[in-house]
Amino acid sequence: MGELRIGNLAAAPGETIKGYLETVELVDGTFAPIPVHLINGAEDGLTLFLGAGTHGDEINGVKAVLDAVAAIDVARLKGRIIAVPVQNPIAYRARFRLITLNQLDRRNMHRCFPGSPEGDISGRICNAIFDTIIGAADVDFVVDCHTGSTGSYYPPLVFVSTQGPKDAVERSLAGARVFDADLMVKAGGKAGVYALGNMLHMVAVERGIPAFGCELGTALPSEEVQYGTGARGLRNLMIHLGMIDGELTSTRNCVELDEIFEVRSERGGICNYLVKPGEAVEKGHPIARIMNLFGDVVDEVRSPLKGHIVTCTCWGTINQGERLVRIGRPAA
Ligand SMILES: [Zn+2]
């Protein structure tokens, strides 16, 4: 397949090269650096892009990608892997979800793909990822690793856009199914939270490149049970794509969801959950008890539908109006 080149980095067949791709120039004259691993297999095969850290505080995703690529033997790899464990280096430095360099374009980079070379900061970094890396390398499959945002905890979950060319959607679903997550969200028009537009997994599929994303726990504290699942899921995908040899490992029964509902708290106080992320609930199943600071239970919240708990908060407390859980309805 020849040399794999991204910016100033180049890997010959059978070679792994790691380095930084410079993006936007900052106030001090340095350039926000995207870390890039180029793993150019000795044998021909597909080209896989593994990204994480679009939100700067989602460390389980970063570690899942690093662990997955650390296990690769480039001499036996069929195809090419391009890994970008931190796609948003500015937010990563700040240990924060979003870019906070100014008040005007404090945007969510997860909603800014494919970006533009004439855009704002987020748009330019997205453009570097989508055009300079994914487009230039003619990537065949994209995975974007996330976690819940701070205060929101997810079981291992994959999300797939169902809006795009049928073949790309089918191949995305097939890849996501081997990841071995607890839940899969098929993000069409109804599963709105993963179909908000301009997300990497959506834009890739719209352009015919199979893709999915994953959620692994929550932001900041890294947890081996979560990033370990992520690394194993990425390895399973490489086996599925014919890039490495091995047996698919499966420990979970992945439930597919096609609609997501939010339940918000009508009371403020201490939040004691009666369910766990990933758990199945019947309509009317108790979800949480809210307790005031005098020790009185002031509310018991029940599930409005039969489904699976997609995410719980992990603050320990809740304000009136805050999201208590997301509940997914299993696909028909
Ligand atoms: Zn994220």
field: Among the residues listed as ILE121, ILE39, the single one being touching a Ser or Thr at 6+ places or on another chain (Cβ under 7 Å) and either of a type in the set (Val, Ile, Thr) or outside the structural domain of LYS18 (by TED's automatic domain parsing) (or both)
entry: ILE39
- prompt: Restricting the stretch 84-102 to residues that are in a helix (DSSP H, G or I) and in contact with a helix residue (DSSP H, G or I) (Cβ under 9 Å, 6 or more places away or on another chain), which is nearest to the ligand (Cβ to nearest atom)?
  reply: ALA91
- line: Matching residues in the stretch 314-332 (in contact with a Lys or Arg (Cβ under 7 Å, 6 or more places away or on another chain) and assigned to a strand (DSSP E or B)) number 2
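Return yes or no: is ALA32 among the small types (Gly, Ala, Ser) and in a strand (DSSP E or B)?
Numbers: among the small types (Gly, Ala, Ser): yes; in a strand (DSSP E or B): yes.
Against the criterion (among the small types (Gly, Ala, Ser) and in a strand (DSSP E or B)), ALA32 qualifies.
Every residue, every condition in (1) within 16 Å of the ligand (Cβ to nearest atom); (2) without any contact (Cβ under 8 Å) to a residue 40 or more places away in the chain, yes or no:
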| position | (1), (2) |
| --- | --- |
| SER222 | yes, no |
| LEU248 | no, no |
| GLU256 | no, no |
| ASN272 | no, yes |
query: Given the conditions (1) hydrophobic (A, V, I, L, M, F, W, C); (2) more than 16 Å from the ligand (Cβ to nearest atom); (3) part of a strand (DSSP E or B), and given that VAL27 satisfies all but one, which numbered condition is not satisfied?
result: (3)
message: If a residue must be acidic (Asp, Glu) and either surrounded by 24 or more Cβ atoms within 10 Å (Cβ to Cβ) or free of Cβ contacts under 8 Å to residues at least 60 places away in the same chain (or both), how many such residues does the stretch 49-70 contain?
response: 1
task: Tally the residues that are within 28 Å of ALA128 (Cβ to Cβ), part of a strand (DSSP E or B) and more than 16 Å from the ligand (Cβ to nearest atom), restricting the search to the stretch 138-194.
output: 1
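Which of the following residues is under 26 Å from GLY123 (Cβ atoms) and either over 12 Å from the mean Cα position of the chain (by Cα) or part of a helix (DSSP H, G or I) (or both): ALA204, ALA231?
ALA204
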Restricting the stretch 63-83 to residues that are of a type outside the set (Lys, Arg) and part of a helix (DSSP H, G or I), the residue that is farthest from HIS110 (Cα to Cα): ALA70
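Keeping to the stretch 35-62, report how many residues are part of a strand (DSSP E or B) and more than 16 Å from the ligand (Cβ to nearest atom).
Looking only at that region, the number is 13.
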task: For the stretch 268-278, indicate whether the set of residues that are surrounded by fewer than 19 Cβ atoms within 10 Å (Cβ to Cβ) and closer than 16 Å to GLY175 by Cα is non-empty.
output: no
message: When you scan the stretch 66-77, do you find a residue that is at pLDDT 95 or above and under 19 Å from ASP120 (Cα atoms), even just one?
response: no
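Check the stretch 248-267 and report whether any residue there is more than 19 Å from HIS308 (Cα to Cα), within 17 Å of the chain's Cα centre (by Cα) and of a type in the set (Lys, Arg).
Restricting attention to the stretch 248-267, the residues satisfying the condition of being more than 19 Å from HIS308 (Cα to Cα) are 248-250, 266-267.
Within this subset, residues satisfying the condition of being within 17 Å of the chain's Cα centre (by Cα) are none.
No.
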message: Given the condition under 12 Å from the mean Cα position of the chain (by Cα) and of a type in the set (Asp, Glu), answer yes or no: does some residue in the stretch 21-31 qualify?
response: no
query: If a residue has to be closer than 20 Å to PHE49 by Cβ and within 15 Å of the ligand (Cβ to nearest atom) to count, how many in the stretch 195-210 make the cut?
result: 5
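The values are calculated or read from the model by the stated rules, or taken from the named source; none is laboratory data. Source: prediction; values computed, not measured. Heads up, the Cβs are rebuilt from the backbone with ideal geometry, glycines too, and the neighbour counts pull from every protein chain shown.
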